[in-house]
1. For the chain, what is the percent of antiparallel DSSP beta bridges, rounded to the nearest 5?
2. From the protein chains alone at 1.4 Å, what is the descending order of accessible area for Thr49, Thr74, largest first?
3. Could you derive backbone 3J(HN,Hα) for the stretch 354-371 from the dihedral phi with the Karplus parameters 6.51, -1.76 and 1.60 (θ = phi - 60°), listing whole Hz in sequence and x where the residue is Gly or Pro?
4. Compare the Cα positions of Leu35, Val272, Ser304 along the charge dipole of the chain (+1 at Cβ of Lys, Arg; -1 at Cβ of Asp, Glu; about the Cα centre) and return the one farthest towards the positive end.
5. Which ³J(HN,Hα) values, rounded to whole Hz and listed in residue order, are derived for the stretch 175-183 from phi using the Karplus coefficients 6.51, -1.76 and 1.60 in 6.51 cos²θ - 1.76 cosθ + 1.60 with θ = phi - 60°, glycine and proline given as x?
6. Return, in residue-number order, each cysteine of the chain whose C-beta is not under 4.7 Å from any other cysteine's C-beta.
7. For the stretch 223-375, what is the convex hull (Cα atoms) projected area averaged across all directions, in square nanometres?
8. Around Asn335, with a cut-off of 14 angstrom between Cβ atoms, what is the net charge of the other residues, counting Lys and Arg +1 and Asp and Glu -1?
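The values are calculated or read from the model by the stated rules, or taken from the named source; none is laboratory data. Note that this is a predicted model, so its numbers are computed, not measured. Cβ placement follows ideal geometry from the backbone for every residue including glycine, while neighbour counts extend to all protein chains displayed. Accessible surface areas use protein heavy atoms only, side chains included; no ligands, DNA or RNA. Shrake-Rupley method; radii C 1.70, N 1.55, O 1.52, S 1.80 Å.
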Amino acid sequence: MSTENNSELLFDNSVRILKDLIAFKTISGQDNSSLIDYCDEILKKLGATSFRTYDNEKKRVNLFATLKAKNSKTKKPIILSGHTDVVPVSKGWCTDPFTATVKGDKLYGRGACDMKGFIACALAYAPIYSKSNLDRDIHFSFTFDEETACQGAPILIEELKKRDIKDGICIIGEPTNMKIIDAHKGCYEYTTYFKGLAGHSSAPHKGVSAVEYASKYVNKLIELREKLKSRAPKDSIFDPPYSTLSIGGVFGGIAHNVIADKCHVNWETRPVVKEDGVFLNQEIDKYANEVLLPEMKKVFSNASIEKDIIGEIVGFDRVNKSEACELISSLTGDNSRQVVSFGTEAGLFQEIGISTVVCGPGSIDQAHKIDEFIILDELKKCLNLLDGIKVESVPN
Ligand SMILES: [Zn+2]
């Protein structure tokens, strides 16, 4: 940044914008369009072009905006990417979670670090990009419902493919204390619904207990979990090194003496390689359709087992020579490469050929918690990175 004054102004702007962003109650699953309008307006005033993609009800919105290269487009585009949703708040906050509050060196509020801090920095820096003699496009990608198994991003990615935006460098600004994250496991979430036939418990043979079939299903999943362990890749970079599986809940039944006609199972798996996800789904679907369902139908022809995909966040794979990681390393001096246990949208961008890195301000330790905060200095570090990107995005 050219002068000390400018950088102070820039920082103040990022804090102001972050306060505005936190005031939008963009809890996952809810309408985020006012926040998107706010971002779109800032960028449009700077001359950006943009398009939106939506969920089925047109209630939740992804925004993709572009500050175009000025003359020749000689370098690959850069995508600054963040999710606009936040996780719900529980009781016990010291401040109003949707009124950003600065205390000492921290700013408190839901989304402060995960991840409105990054979005605020990108928007605060945008006026400088717009005034620069850019020799590459700078894109801003703001998605909905990342926290609920990345429901928004795949819709945006489909549109990027259609528009032939399949090349470039993407920075996902999830809170990493500005460290480089270059891999994480996938995260697939499912709910499986069992429909049986209710009846009196004294005559179990005349009903179909959804709860009992759900139990068998759960047992099969636990059996498959052991198989996943034996499939761990030898060079796995993850801890634990194999794909995991967990049963989050089993819900069904109304009384001791009633055969339950409904039951559902919430479960998830975190594959280290895509093939494990495919394997697991094939095995459990086969068991449900070829073993359990025929048994259920012998008594009740309308019995059913239905598996709902809540979300399938693809894994983010480490690559040897990552343009995105090398760019960040050259700008921040951080040469480390780390893996994390949380999922992000990174794998989705990577899948269409965009070199991707996860790197952003704030710490994941404060994410999803009561009294979420970001240390203000992290915003300064992020603005410095964005400044470095500007230097890399103008002719030498
Ligand atoms: Zn996040």
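1. Values: 47 of 65 bridges.
In the chain, approximately 70 percent of DSSP beta bridges are antiparallel ones.
2. Working: Thr49 65, Thr74 95 Å².
The ordering from most to least exposed comes out as Thr74, Thr49.
3. Taking θ as phi minus 60°, the curve returns 8, 5, 10, 9, 9, 6, x, x, x, 10, 5, 4, 9, 6, 6, 10, 5, 6 Hz for the stretch 354-371.
4. Result: Ser304, furthest along the dipole toward the positive end.
5. Values, residue by residue: x, 10, 6, 6, 8, 8, 10, 10, 6 Hz.
6. Cys39, Cys94, Cys113, Cys150, Cys170, Cys187, Cys263, Cys325, Cys359
7. On the way: hull surface 55.2 nm².
Spelled out: convex hull of the Cα atoms, projected over all directions, averaged, 13.8 nm².
8. On the way: positive: Lys179, Lys321, Arg337; negative: Asp182, Glu326, Asp334.
Cβ neighbours under 14 Å give a net charge of 0.
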